[in-house]
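Quick notes on the structure that follows.
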Amino acid sequence: GVGMEGDYLKVSLYDVEDPGRMEEVSKVLISCSHSPVLADHKAITVDHEYSYVYLPIISYCTYPPAGGLAVIKFGMDRLEFVRLLEHPNAIRSLYIGRELYSISASEVRVYALPGLEYLTSIELSWE
């Protein structure tokens with residue numbers, strides 16, 4: 001699940017084996033941040049092959065605010081923040097094969113999977 005805990009963006013992993021007694025088993029807190037996922041469930045991407053979750057975030061801990069894709073690793077009863085792939089105004093992500101695409105209104109950035117190395121970017125034009 002994704003939500004807020006105080007001033008933190010929270011990503012939680014729940015044990016749902018017994019639906020009557022669901023329990024949070026792990027969480028990642030990202031300070032001073034917001035995500036489009038809070039209002040749009042389609043903004044999150046789950047990559048089962050590499051056990052990654054990608055969610056676009058805006059961090060207000062810096063000025064100007066930083067943005068990008070938060071990469072979170074999931075496993076047996078555990079979540080772990082891997083890194084932030086910097087991409088201002090990122091709103092979506094998708095993966096095809098061994099490439100991850102971070103998408104904003106003005107640019108698509110491409111990263112190699114599973115190591116998350118930057119490969120290239122494609123500028124988008126609306127003219």
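Key figures for this structure:
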read-out	value
Looking only at segment 9-60, and only at residues there that are among the aromatic types (Phe, Trp, Tyr) and under 18 Å from residue 82 (Cα atoms), the one that is surrounded by the fewest Cβ atoms within 10 Å (Cβ to Cβ)	50
Residues (free of Cβ contacts under 8 Å to residues at least 40 places away in the same chain and assigned to a loop (DSSP other than H, G, I, E, B)) located in segment 31-47	32, 35, 39, 40
Members of segment 72-126 found to be within 24 Å of residue 34 (Cα to Cα) and of a type in the set (Lys, Arg), listed by number	73, 78, 83, 92, 109
Strands (runs of 3 or more DSSP E) fully within segment 48-94 counting 1 or more residues that are over 16 Å from residue 113 (Cβ atoms) and hydroxyl-bearing (Ser, Thr, Tyr)	52-59
Residue 64, sole failed condition from (1) under 14 Å from the mean Cα position of the chain (by Cα); (2) within 23 Å of residue 102 (Cβ to Cβ)	(1)
Filtered residue count, segment 61-97, keeping only those that are of a type in the set (Val, Ile, Thr), open to solvent by 50 Å² or more (accessible area, probe 1.4 Å) and in contact with a Phe, Trp or Tyr (Cβ under 9 Å, 6 or more places away or on another chain)	1
Failed criterion for residue 86 (all others in (1) within 23 Å of residue 6 (Cα to Cα); (2) of a type in the set (Asp, Glu); (3) under 12 Å from the mean Cα position of the chain (by Cα) hold)	(1)
Matching residues, segment 4-18, being under 17 Å from residue 46 (Cα atoms) and of a type in the set (Ser, Thr, Tyr)	12, 14
Residue list for segment 107-125, restricted to those being hydroxyl-bearing (Ser, Thr, Tyr) and in a strand (DSSP E or B)	111, 118, 120, 121
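The values are calculated or read from the model by the stated rules, or taken from the named source; none is laboratory data. Just so you know, these numbers come straight off a predicted model, no measurement behind them. Cβ atoms come from the backbone with ideal geometry, glycine included; neighbour counts cover every protein chain shown. When the accessible area is computed, the model is the full protein with side chains, heavy atoms only, and any ligands, DNA or RNA have been set aside. Shrake-Rupley method; radii C 1.70, N 1.55, O 1.52, S 1.80 Å.
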